[in-house]
Amino acid sequence: MAFRRAKLVPAETPEFAPLAPDERAPGSNETSEVLDLLPVPAVVVEMRDGKFHFAALNRAFRLAGLGIVAADSALVRLLGTRIRNFLESSETQSEIAWQFGDEVDCRYFRVMFARRAASRAQMRCLVTLVDQTSELRTEYSLRREMATDSLTGLPNRAGFSDELENAIGPDNRANYAVLVINLDRFSRVNACMGGLAGDELLISVARRLKGALRGRDVLARMGGDEFGVMLVLDDGPNDAFHVAKRVQAALANPFRLSDFEIRVECAIGIAMGADNDGDPEDLIRNAQFAVKRAKKSGRTEVYHTRAFDIAREQFGIETELRRAIENGQMTLSFQPICDLASGKIVAFEALSRWTTEDGVQLSPNDFIPVAEESGLIVPLGRWAMEEAARTLAKWDAAAGLVGSVKVAVNLSAIQLQRDQIPAMVSSALDRHGICGSRLTLELTESAIVTDPDRIAQTMRALKELGTTLAMDDFGTGYSNLAYLQKLPIDLLKIDRSFVTGMLADRDKIAIVRAILSLAQALGMQTTAEGIETNELAQTLAALGCTYGQGFLYARPLEADLAFQLLAERNA
């Protein structure tokens, strides 16, 4: 229940005076005796000749400290206009909230005006006051407790939202910005040192952040390891960047916990009020969105509408992609991989293709990153493996014999981390009666670097199935060359960025020659991607490259067209 301080009644408020004994209406003593039976302050107010008079009042009213003399009567000074309006109206009862006193010792009343219909002409009414101070103070304390973080004493998410609502309006939103600060590695502190150490760290961080801010800035703990700041922009957007730098500087020195020194880094996202046309709460969401980008970029990020539109578009892609995988709307295309010496097709790379329900063909560059971020790469990868094995079985049945051509399937780094790859591959092979030697599994350098020991174990299990293992896009990542010696890799794929335009670039020729020499020394075969001319194919063959892939041989084809090309080329 909200109370607002009543406005002072203007000076022309009718003068109030208590009635003299001979002026009181008959029965007024009896009325006072009846009023004394009421447990709340009550007074009968009468208006004569434009002046207020107390016709009767009870003991509770005298003890309420509201005054009975005209000059001191708070009831008349603050409620005189309300009483007059009620007396001059046709109402028989009315009720208002009234706040009385200073901020420190403020009192809250529910004031009720009442009269009998027959007494309207007498301009007299009963005024009763129900003291709700204790109840409302308790309510206020509960609200304050609900809006405060119990650990740091700062406003929590709800309290921060209230601060924004109270401060920011349509006319001044350009003067404000919201920073969201997310601590890095905080979960590791909790896991390694316990919850008490984590709480101690949060309290210390809150103190440092408070010290880095200006007096008019509002700091809040949004939850977990996330803090929010409401900034007043005196000098425009630059103020927000200055505060962000001060926050980073404040967290630069290590925190001492027990016998350890913990360095805390953070990601900071900023949302400018000028860029927000919605509710102040939207500023928090926008800043949180910017924080996610800051975690990836490693620098302070500012919310931009375009970035949000891209994210919303990706959410739409995620929804449609999930439906497409579940409903079998994905397809595989097959691009031939040829022996550079003979020109015959030795394998096909299976490439996922997706045409949306609206007939839009999306590039894998558009939906594969979304699939990896959302976790859909696992069902998508399982489908691709199943479809590749099914296609091989179909080709063998059409040829009337067991073929020797292979199909290469890409394994995502996310899929390698989250899925049981050997069991999944084995199941697909058994289901379609295909031996493992017909599959080439392509892994990227990034997949190997993430967890070398676990990936090595997975690769050895795949080798036991008879599959060929290839490192895709070799030379574009950051792998340790020692991996090539320790891991059971059979083939290196030279990235197209080194192959395209190689004949006119000495540096690219040197890089390709080095990769080919390394592969030869380790007993590995090689495939060059992006071959588009015969001259390039001949040069790569002369350098010792084993296989080639590119538009010179064919673009990615549907399964039936790929089989037809295989039959024609290898006849």
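The values are calculated or read from the model by the stated rules, or taken from the named source; none is laboratory data. Since the structure is predicted, the reported quantities are computational estimates derived from the model, not experimental observations. A quick note on method: Cβ atoms are made from the backbone with ideal geometry, for glycine too, and the neighbour counts reach across all protein chains shown. All accessible areas refer to the heavy atoms of the entire protein, side chains included, with ligands and DNA or RNA removed. Shrake-Rupley method; radii C 1.70, N 1.55, O 1.52, S 1.80 Å.
Taking the condition surrounded by 13 or more Cβ atoms within 10 Å (Cβ to Cβ), among the aliphatic types (A, V, I, L, M) and not in a helix (DSSP H, G or I), does V127 pass? Give the derivation first.
Values: surrounded by 13 or more Cβ atoms within 10 Å (Cβ to Cβ): yes; among the aliphatic types (A, V, I, L, M): yes; not in a helix (DSSP H, G or I): yes.
Taking the combined requirement at face value, the residue satisfies it.
Restrict the check to the range 516-526 and report whether at least one residue is out of contact with any Leu (no Cβ under 6 Å at 6 or more places or on another chain) and buried (at least 17 other Cβ atoms within 10 Å of the Cβ).
The answer is no, given that none of the residues of the range 516-526 is out of contact with any Leu (no Cβ under 6 Å at 6 or more places or on another chain) and buried (at least 17 other Cβ atoms within 10 Å of the Cβ).
Can you tell me which of E226, E145 is out of contact with any helix residue (DSSP H, G or I) (no Cβ under 9 Å at 6 or more places or on another chain) and of a type outside the set (V, I, T)?
Testing whether each residue is out of contact with any helix residue (DSSP H, G or I) (no Cβ under 9 Å at 6 or more places or on another chain) and of a type outside the set (V, I, T) leaves just E145.
Going by what's in this entry, would G80 be described as at pLDDT 65 or above and open to solvent by 10 Å² or more (accessible area, probe 1.4 Å)?
no
Can you pull out every residue in the range 255-281 that is among the hydrophobic types (A, V, I, L, M, F, W, C) and either in contact with a Ser or Thr (Cβ under 9 Å, 6 or more places away or on another chain) or surrounded by 13 or more Cβ atoms within 10 Å (Cβ to Cβ) (or both)?
If the condition is that a residue be among the hydrophobic types (A, V, I, L, M, F, W, C) and either in contact with a Ser or Thr (Cβ under 9 Å, 6 or more places away or on another chain) or surrounded by 13 or more Cβ atoms within 10 Å (Cβ to Cβ) (or both), then F255, L257, I262, V264, C266, A267, I268, I270, A271, M272, A274 are the ones that fit.
Only residues in the range 213-237 that are free of Cβ contacts under 8 Å to residues at least 40 places away in the same chain and among the basic types (K, R) count as the first member; pair them with residues that are assigned to a strand (DSSP E or B) and open to solvent by less than 40 Å² (accessible area, probe 1.4 Å), Cβ under 9 angstrom, at least 6 apart or cross-chain, and list the lot.
Filtered contacts from the range 213-237: R214/L231; R214/V232; R216/L231; R216/V232.
Pull up the range 244-287, narrow it to residues that are among the acidic types (D, E) and within 21 Å of the chain's Cα centre (by Cα), then point me to the one that is modelled with the lowest pLDDT. Outline the logic, then answer.
If we filter the range 244-287 for residues that are among the acidic types (D, E), which is where we start, we get 259, 261, 265, 275, 277, 279, 281-282.
With within 21 Å of the chain's Cα centre (by Cα) added as a condition, the list becomes 265, 275, 277, 279, 281-282.
Numbers: E265: 86, D275: 75, D277: 69, D279: 77, E281: 82, D282: 85.
The extreme case among them is D277.
State all residues of the range 316-328 that are of a type outside the set (D, E, K, R) and either at pLDDT 95 or above or more than 21 Å from V407 (Cβ to Cβ) (or both); if no residue qualifies, say none. First the steps, then the outcome.
First, the residues of the range 316-328 that are of a type outside the set (D, E, K, R): 316-317, 319, 321, 324-325, 327-328.
Hits for the range 316-328 are G316, I317, T319, L321, A324, N327.
In the range 231-254, which residue that is open to solvent by less than 10 Å² (accessible area, probe 1.4 Å) and outside any loop (DSSP other than H, G, I, E, B) is nearest to S187 (Cα to Cα)? Please lay out each step first, then the result.
Of the residues in the range 231-254, the ones open to solvent by less than 10 Å² (accessible area, probe 1.4 Å) are 231, 240, 243-244, 247, 251.
Pick out the ones that are also outside any loop (DSSP other than H, G, I, E, B) and you get 231, 240, 243-244, 247.
Details: L231: 28, A240: 27, V243: 25, A244: 23, V247: 20 Å.
Looking at the filtered set, the residue picked out is V247.
Limited to the range 549-568, what total is found for residues that are of a type in the set (F, W, Y) and either surrounded by 13 or more Cβ atoms within 10 Å (Cβ to Cβ) or at pLDDT 95 or above (or both)?
Step one: of the range 549-568, the residues of a type in the set (F, W, Y) are 551, 553, 563.
Cutting the leftovers down to either surrounded by 13 or more Cβ atoms within 10 Å (Cβ to Cβ) or at pLDDT 95 or above (or both) gives us 553, 563.
Summing the residues that are of a type in the set (F, W, Y) and either surrounded by 13 or more Cβ atoms within 10 Å (Cβ to Cβ) or at pLDDT 95 or above (or both) in the range 549-568 gives 2.
Exactly one of these conditions fails for A470: (1) surrounded by fewer than 18 Cβ atoms within 10 Å (Cβ to Cβ); (2) modelled with pLDDT of 90 or more; (3) not hydroxyl-bearing (S, T, Y). Give me its number.
Failed condition: (1).
If I ask for residues that are over 11 Å from A350 (Cβ atoms) and either among the basic types (K, R) or not in a helix (DSSP H, G or I) (or both), which ones from the range 391-417 would you list? Please lay out each step first, then the result.
Taking the range 391-417 as the starting set, the residues that turn out to be over 11 Å from A350 (Cβ atoms) are 393-405, 411-417.
Those that are over 11 Å from A350 (Cβ atoms) and either among the basic types (K, R) or not in a helix (DSSP H, G or I) (or both): K394, G400, L401, V402, G403, S404, V405, L411, S412.
Would you pick out the residues in the range 147-167 that are modelled with pLDDT under 85 and open to solvent by less than 50 Å² (accessible area, probe 1.4 Å)? Spell out the reasoning first.
First, pick out the residues of the range 147-167 that are modelled with pLDDT under 85: 147, 150.
Listed by number, the list holds a single entry, A147.
List, please: which pairs have Cβ atoms under 6 Å, are six or more places apart or on different chains, and start with a residue in the range 40-55 that is over 8 Å from R124 (Cβ atoms) and end with one that is open to solvent by less than 20 Å² (accessible area, probe 1.4 Å) and acidic (D, E)?
Going by the 6 Å Cβ cut-off, the qualifying pairs are H53/E46.
Which of the residues spanning the range 363-381 are within 30 Å of R569 (Cα to Cα) and surrounded by 17 or more Cβ atoms within 10 Å (Cβ to Cβ)?
Hit for the range 363-381 is G381, nothing else.
Name the residue, out of L503, L484, L536, that is touching an Asp or Glu at 6+ places or on another chain (Cβ under 8 Å) and either open to solvent by 30 Å² or more (accessible area, probe 1.4 Å) or assigned to a helix (DSSP H, G or I) (or both).
Within the list L503, L484, L536, the selection yields L503.
Looking at A571, is it assigned to a loop (DSSP other than H, G, I, E, B), modelled with pLDDT under 90 and over 44 Å from the mean Cα position of the chain (by Cα)?
Criteria met by A571.
Looking at A562, A571, A567, A541 in this structure, which one is among the hydrophobic types (A, V, I, L, M, F, W, C) and touching a helix residue (DSSP H, G or I) at 6+ places or on another chain (Cβ under 8 Å)?
Values: A562 fails: touching a helix residue (DSSP H, G or I) at 6+ places or on another chain (Cβ under 8 Å); A571 fails: touching a helix residue (DSSP H, G or I) at 6+ places or on another chain (Cβ under 8 Å); A541 fails: touching a helix residue (DSSP H, G or I) at 6+ places or on another chain (Cβ under 8 Å).
Just a single option satisfies the conditions, and that option is A567.
So which pairs qualify, if the first residue must be in the range 488-508 and touching a residue at least 40 places away in the same chain (Cβ under 8 Å), the second must be among the acidic types (D, E) and open to solvent by 20 Å² or more (accessible area, probe 1.4 Å), the Cβ gap must be under 6 Å, and the two must be at least 6 apart or on different chains?
That search, which allows pairs on different chains as well, returns nothing.
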